[in-house]
2 protein chains.
Amino acid sequence: MIERKDKILTAALELFANHGYNGVSTNKIAKAAEVSEGLIFRHFKNKQGLLDAILEQAFEKAAVLYAHIITEQDPKQVLYKTITLPFSVEKSEYYFWKLQFKLKWELEISGKEKMQPLLDKLNWAFGELGYEHPREEAELLQHLTESISSGILKDGMETQQHLKDFLLTKYKV
Amino acid sequence: MIERKDKILTAALELFANHGYNGVSTNKIAKAAEVSEGLIFRHFKNKQGLLDAILEQAFEKAAVLYAHIITEQDPKQVLYKTITLPFSVEKSEYYFWKLQFKLKWELEISGKEKMQPLLDKLNWAFGELGYEHPREEAELLQHLTESISSGILKDGMETQQHLKDFLLTKYKV
DNA sequence: GTCTATAGGATGATAGAC
DNA sequence: GTCTATCATCCTATAGAC
């Protein structure tokens, strides 16, 4: 059985991801979730608490994806997994993903610290592969995947597909 | 003499750039501009009209920067100017710049069309320089400058400086 | 756990005086 | 051009019944 608390979380996730935090009222969330507005405050104390609960879920999902790269031992595979990551995000996690980008700008929640281990791993991988400036190569590739992710979220995956193939060739992975 | 209409535009620009469109009320704008709230609606009809007036200014500023690249005849200089552009934006235009990124996500205003001539020019430049896949190289570099711009706006120019030098070396310009 | 009703304040926008 | 006063609506949040 679908709990009402989850219905709120699901509805709020989609609305926040599409219209931002300040662009959505608790009234709209309640209607979308087919729930009384008061229930939101019972379960999450206030609107910010609802967002926090969603963000916690989002961080957990992201951690799983990142772990897949960080635990990888083959440097070439680290590059491969980094490049293909934006293209392997499931539809079911699409809203979590979009929300991250939205909030990064709207509320200036950076999430930069969460990316540090990934950056370190890329740094290590480029070093192993004999690149002259592994740190800069790592930052560049991270910037690229960030912007490609942004492109996927805004214009659709089709528009970025060819860049994946191009990058895989470029980095010989 | 500073007109009150301009005071409104200036105050609104800073507030929108820092807190987003939905994060700022007309009341707050009026107080920041030291102006009565009603005056905003006299001059701009409604809140959206105020944003539109600011965006028009922003597009004009951006057009000037882009023209500097598009009219360039030397392909190496096209790459040079593209890479250094994010590092040459004046402090006075900082809020216009930040607003573009904010609104791209909050209101999903893409501004993609405005970038097309720039992409075409990069495509041409990479072709002239004998790159095998000029279209993909162009898209990659545009993605990079987009993400580096984002990094400058979020974490400051210092954090991205070394990437500029690295890119200039990489592309030999 | 869930709903209804409602408080108290903020919000976008208008009217009318100067 | 500008201000003050005001309005209807919407917003977050709480109280109390079931």
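The values are calculated or read from the model by the stated rules, or taken from the named source; none is laboratory data. The structure presented is a predicted model; accordingly, all values stated were derived computationally and were not measured. Neighbour counts are summed over all protein chains in view; Cβ atoms, including those assigned to glycine, are modelled from backbone coordinates with ideal geometry. With ligands, DNA and RNA removed, areas are computed over all heavy atoms of the protein, side chains included. Shrake-Rupley method; radii C 1.70, N 1.55, O 1.52, S 1.80 Å.
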Within the stretch B:27-49, residues being β-branched (Val, Ile, Thr) and within 24 Å of the chain's Cα centre (by Cα) number 1
Flagged in the stretch A:101-137 as closer than 17 Å to residue B:147 by Cα, within 11 Å of another protein chain (Cβ to nearest Cβ) and under 22 Å from the mean Cα position of the chain (by Cα), in numbering order, are A:101, A:102, A:103, A:104, A:105, A:106, A:108, A:109, A:110, A:111, A:112, A:137
Among B:102, B:98, the single one that is open to solvent by less than 30 Å² (accessible area, probe 1.4 Å), among the basic types (Lys, Arg) and within 16 Å of DNA strand C (Cβ to nearest atom) is B:102
Expected single match for within 25 Å of residue A:107 (Cα to Cα) and away from DNA strand D (no atom under 16 Å from the Cβ) among B:50, B:79, B:65, B:13 is B:13
Reported set for the stretch B:154-163 where residues are under 18 Å from residue B:93 (Cβ atoms), more than 9 Å from every other protein chain (Cβ to nearest Cβ) and in a helix (DSSP H, G or I) is B:157
When every residue in the stretch B:7-62 that is among the hydroxyl-bearing types (Ser, Thr, Tyr) and in contact (Cβ under 8 Å) with a residue 12 or more places away in the chain is compared, the one nearest to DNA strand C (Cβ to nearest atom) is B:26
Sole miss for residue A:90 among (1) away from chain B (no Cβ under 14 Å); (2) open to solvent by less than 60 Å² (accessible area, probe 1.4 Å); (3) away from DNA strand D (no atom under 16 Å from the Cβ); (4) not hydroxyl-bearing (Ser, Thr, Tyr) is condition (2)
Checked pairs for the stretch B:76-89, first free of Cβ contacts under 8 Å to residues at least 12 places away in the same chain and within 17 Å of residue B:126 (Cα to Cα), second surrounded by fewer than 22 Cβ atoms within 10 Å (Cβ to Cβ) and not aromatic (Phe, Trp, Tyr), C-beta under 7 Å and 6 or more apart or across chains, list as none
(message) Looking at the stretch A:107-125, can you tell me whether even one residue there is buried (at least 16 other Cβ atoms within 10 Å of the Cβ) and of a type in the set (Asp, Glu)?
(response) no
Requested in this report: With respect to residue B:98, determine if the residue is within 12 Å of chain A (Cβ to nearest Cβ) and more than 27 Å from residue A:164 (Cβ to Cβ).
Outcome: yes
